[in-house]
């Protein structure tokens, strides 16, 4: 069985223990999610920062998951941005299946 993917999306904070993939941009995150899906690797956890530097955010990743109905077992929202946190949590709560656990746990340090 393929190793489940645990993806940390954040442009500044280091990947914490328990994760096996990191993306610093939304493009990197989308590539990792596409690759995992195409190769049959289950998405176990995707943890979202919101702001990724400049104009980049994780919104395209969340929208792609919603549009393609591809969800991890757990969506974590670790951004310290309250507006971004509400948006990410709202999309996940509305479109993810009830089997997807949604965890909101802001991380304020780097």
Original post:
Which label belongs to the value computed from this structure, given these candidates for P(r) over Cα pairs in 10 Å bins from 0, in percent: (1) 15, 54, 28, 2; (2) 14, 49, 32, 5, 0; (3) 14, 48, 29, 8, 1?
Top reply: (1)
**OP:** Decide, for the stretch 13-64, between rounded, prolate and oblate: order the square roots of the alpha carbon gyration tensor eigenvalues as a ≥ b ≥ c, take rounded if a/c falls under 1.5, and otherwise choose prolate if a/b is larger than b/c, else oblate.
**Re:** oblate
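Values in this text are rule-based calculations from the coordinates and carry no lab data. All of these numbers come straight from a predicted model, not from anything done at the bench.
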